[in-house]
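**Student:** The following block contains the structure, expressed as structure tokens.
Every read-out reported here was derived from the displayed coordinates using simple, explicitly stated rules and does not represent laboratory data. As the structure is a prediction and not an experimental result, all values here were calculated from the model. When we count neighbours, we look across all protein chains shown, and the Cβ atoms used for this are built from the backbone with ideal geometry, even at glycine.
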Amino acid sequence: MSFWKRFRTNIGAIVGVVLLIGVIAIALLAPVIFEHGPWQMVQRPFLAPFAVDGLPLGTDTLGRDVASQLAHGARVSLLVGLVSTLVALLIGVPLGALAGFYGGYVDEGAMRFTEFFQTIPNFALAIVLVAIFEPSLASITLAIAIVSWPPVARLVRAEVMSVRKREFVDAATLAGLSKHRILIRQVLPNTVSPIIVMASLMVATAILLESSLSFLGLGDPNAMSWGYMIGAARTVIRSSWWLSFFPGVAIIITVLALNLIGEGLNDALNPHLSRKGRA
Amino acid sequence: MSTLAIEHLTIGLPEGADRPFAVEDVSMTIDKGHILCVVGESGSGKSMTANALMGLLPPGVAVKAGRALFEARDVLRLPEADKMALRGASIAMIFQEPMTALNPLMRIGDQITEVFAAHDRFTQAERRKKALDLIREVQLPDPEKIIRAYPFQLSGGQRQRAMIAMALALEPKLLIADEPTTALDVTTQSQILKLILDLRDRRGMAVMFITHDFGVVAEIADGVIVMREGKVVEQGPAAQVLNTPQHGYTRRLLAAIPTGVLPERRVLSDSPALEIKGLRKIYRTGGGLFRAPREVRAVDDVSLTVSRGEVLGLVGESGSGKSTLGRTAVRLVTPDGGQVLVGGTDLAALSDEDLRKQRHKVQMVFQDPYASLNPRQRIIGAITDGPIARGIPKARAVARARELLDIVGLGADAASRFPHEFSGGQRQRIGIARALAMDPELIIADEAVSALDVSIQAQVLDLLRDLREKMDLSILFITHDLRVAAQLCDRIAVMQKGRLVEIGTVHDIFLNPQQDYTKQLLAAVPGADWDNQKVPA
């Protein structure tokens, strides 16, 4: 069975894809749907959902449109999630590949370096990094990438180590190919599947991290994000539930969609490890 | 009175498989005290038949029709609880790979007594005593020690004996053996076969013995069933099927078996393609500050030469160092001492960069046709990578690759496809084309046909023979199978425990072996007597 066929049979994964496409569409179309931006005051504050026509999710503490904030927040969440994952891959994949392929001192060095990052709690390190840099989209993205690459390096290292022992790598050595060419052309392409799966799950984690940072007020002050919305609504959580409820739901849906997709990818790319049909 | 009677068994495969039924309309009977060999190539449905009896069919595969009568009950349709009571007690099974069939974290004795415990028989003390008796019965040395040993502390043959002891624990009436000797060395194999024959005589069990090897069949079978693509093509008493096969497929299978017929003597040239002088490789494991590391002399002071245009067979059991020797000769492994001279250059002494430029001189054909091709690279890329790295223009390398694919019998249009589109035999041909593309002075074939079915094996051997004539190839042919070596090689070198025991022409080795170890190896080849009947030497 082909990859797509296997992926299609997984209902959860399809639900994930539909949800994610929905979130992406809203993010892309945010400026079109809402003529007023997320920072613009449009009505009096603390309007409940559906209390006034045109404001289905109500207004916040300053009278800004919650629906507009939510749509614009999706852009930040997705962008940070995607870019930070890419950066994390850019750090983790080469490091893990070198460590796994060359072994010996290279491996020792790379892994000790990785462990250095792994021993520091993720979130604490991210806070420190953002606090050192000015909080901005770029610094947040970088901070999230820096705390999330170590698992990538470990995964790639393990994969490379197992692929390296396969006979076609010996065959490539005998063909007189140079070592780095064997690594790039022969070994790495065979490690792509688990990396893709991990990356899809990392996007979800990154979105959560970004929300947590913004919640603590360490977000970019010029970008509306879901975490910031919840953080700002924290003080009025008992009187105006919708201010923290809707961004919370948005985070849950997006993260859930990404996790469903990740699991679907995992089953489709590694059919032998599929958890289905194995009670 | 037959112990087991299978009637019109049909097993369906899930949708999308290459055929609708794994097994179609198969009938057979096994009598008490008889050994029925089910023979077939991979994918013939022989293991599926056995798994159906034990209720071990994989998900998606189900019995569609037919019945299997055992003690007047249809074992295929028993409720799960009854099946559980039956398994182990009345029908037992042994598997191909004793290392994975045994629990690595349990002592051998515990694994045997667990069988009694699962069926609620005997007291603790009795179980232990019975386990000891069983271990003695399967002739494991030092039973008191074995009962406390873990699987990894036993050799392959000992593990298979332990498996047999477990299977025999409750005195089953039927023993199903699924390729129990395939993973073992010839000498171990012949011991296990003897043990099974012996137990059959003593206990009067019926044995269903699944194998792909007609040599094994000739050794032990009373009756034979030949299967192909899920159907029975021929069945009958062993002597009849082996000596006067009726069906064309059986005849072809039998013809494909490497026989003891020796090739004609050929005159060999004096100039050497490969000279190995005093080669040594020691593997060290473990060891620490206060403990000396364990040393294994994988290759211990071996010297040999392969002449231009010669095929030298390198034969030995697992652990004899033959593969290490082969890998050292291409310097995938760097030796600890000695020289590997190819066309006057010592490969063992080159630096990495110089070595890379000399790589093309020696090429290798690997054992596992599935692992030796990159699943994500097209065939053309696999073959042309080497020549292009050598500096041959791409257009010429591609043209040559297509030509070679034609020569190895695949056709030039195979070039743009991916490895998974080919069968094992075809992949091995690709491996050969890849080696030839480098215009090597020597090809090392490391168990190159061991993973293939006999009929495919014969085709690949024919191809190698053909290429040897056409291209004047020199080949170092590493194998554990003397019969295969006899077919292709001019000379044979026998290795044991890292040392070269004997080297000589095929005729010398087969007809007049000097060393005891060589004689042992020759005597252990399954079906040796039957071969000799067929072809008077």
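**Student:** What's the average, rounded to a whole number, of partner chain beta-carbon atoms within 10 Å of each residue's beta-carbon in A:162-168? Write out the running numbers ahead of the final one.
**Tutor:** Working: counts 0, 1, 0, 1, 8, 13, 14.
Per residue, the average neighbour count from other chains is 5.
**Student:** Here's another thing I want to ask about it. Amide H neighbours of B:ARG228 under 5 Å, at least 5 residues apart or on other chains, H built in the peptide plane: list them.
**Tutor:** Correct list: B:VAL233.
**Student:** Take the Cα gyration tensor of chain B, multiply each eigenvalue by 5, square-root it, and list the three semi-axes largest first, rounded to whole angstrom.
**Tutor:** Gyration-tensor ellipsoid for chain B: 43, 29, 23 Å.
**Student:** By counting other Cβ atoms within 10 Å of each Cβ, how are B:TYR370, B:TYR249 ranked from fewest to most?
**Tutor:** B:TYR370, B:TYR249
**Student:** Exceeding 29 Å between C-alpha atoms, which entries from my cross-link table qualify? They are B:LYS32/B:LYS231; B:LYS277/B:LYS357; A:LYS165/B:LYS361; B:LYS357/B:LYS497; B:LYS46/B:LYS129; B:LYS231/B:LYS519.
**Tutor:** B:LYS357/B:LYS497; B:LYS46/B:LYS129; B:LYS231/B:LYS519
**Student:** How would A:ILE237, B:ILE379, A:ILE140 line up from fewest to most surrounding beta-carbon atoms within 10 angstrom? Don't jump to the answer; show the numbers that get you there.
**Tutor:** Details: A:ILE237 12, B:ILE379 24, A:ILE140 28.
Fewest-to-most Cβ neighbours within 10 Å comes out as A:ILE237, B:ILE379, A:ILE140.
**Student:** In whole angstrom, note down how far apart the Cα centers of the range A:96-174 and the range A:204-272 are.
**Tutor:** Rounded to whole Å, the Cα centres lie 25 Å apart.
**Student:** Kindly express, to the nearest 10 degrees and within the range 0 to 90, the angle between helix B:186-203's C-alpha long axis and the longest C-alpha principal axis of chain B.
**Tutor:** Once rounded, the angle reads 10 degrees.
**Student:** A follow-up question, please. Can you list residues whose amide H is under 5 Å from B:GLY321's amide H, if they're 5+ apart or on another chain and H is modeled 1.01 Å from N?
**Tutor:** For B:GLY321, whose amide H was placed from the backbone, the distant partners under 5 Å are B:GLY498.
**Student:** Each residue of the range A:131-148 in turn: what ³J(HN,Hα) in whole Hz from Karplus with 6.51, -1.76, 1.60 and θ = phi - 60°, glycine and Pro shown as x?
**Tutor:** Per residue, the Karplus-derived 3J(HN,Hα) values read 5, 5, 6, 5, x, 8, 3, 5, 5, 5, 4, 5, 4, 5, 4, 5, 8, 10 Hz.
**Student:** Once a ≥ b ≥ c are taken as the square roots of the eigenvalues of the Cα gyration tensor of the range B:272-534, is the result rounded (a/c under 1.5), prolate (a/b larger than b/c) or oblate (a/b not larger than b/c)?
**Tutor:** In terms of gyration-tensor shape, oblate.
**Student:** Return the sequence-ordered ³J(HN,Hα) values of the range A:160-177 in whole Hz as given by the Karplus equation 6.51 cos²θ - 1.76 cosθ + 1.60 applied to θ = phi - 60°, using x for Gly and Pro.
**Tutor:** Taking θ as phi minus 60°, the curve returns 4, 4, 6, 5, 4, 8, 6, 5, 5, 6, 4, 4, 5, 4, 5, 6, x, 6 Hz for the range A:160-177.
**Student:** Then there's this: If one takes the longest principal axis of the Cα atoms in chain A, at what angle in degrees, from 0 to 90 and to the nearest 10, does the Cα axis of helix A:66-102 lie?
**Tutor:** Result, in degrees: 10.
**Student:** On to the next question. Using each residue's phi in the range B:347-361, evaluate 6.51 cos²θ - 1.76 cosθ + 1.60 at θ = phi - 60° and report the 3J(HN,Hα) Karplus result to the nearest Hz, with x for Gly and Pro.
**Tutor:** 4, 5, 9, 6, 6, 3, 5, 5, 4, 4, 6, 9, 3, 4, 5
**Student:** In deg cm²/dmol and to the nearest 500, what is the mean residue ellipticity at 222 nm of chain A if only DSSP H runs of at least 4 residues count, each as -39500 (n - 2.57), divided by the residue total?
**Tutor:** Result for chain A, helices only: -23000 deg cm²/dmol.
**Student:** Long-range amide H contacts for B:THR3: which residues qualify at under 5 Å (H placed 1.01 Å from N, peptide plane, sequence gap of 5 or more or a different chain)?
**Tutor:** B:ILE30, B:ASP31, B:LYS32
**Student:** Compute the distance from the alpha-carbon center of the range B:107-150 to that of the range B:212-252, in whole Å.
**Tutor:** 37
**Student:** How would B:PHE418, A:PHE168 line up from fewest to most surrounding beta-carbon atoms within 10 angstrom?
**Tutor:** Fewest-to-most ranking of B:PHE418, A:PHE168: B:PHE418, A:PHE168.
**Student:** Counting only DSSP beta bridges with both residues in the range B:272-534, tell me the antiparallel percent, nearest 5.
**Tutor:** Beta bridges within the range B:272-534, antiparallel portion: roughly 60 percent.
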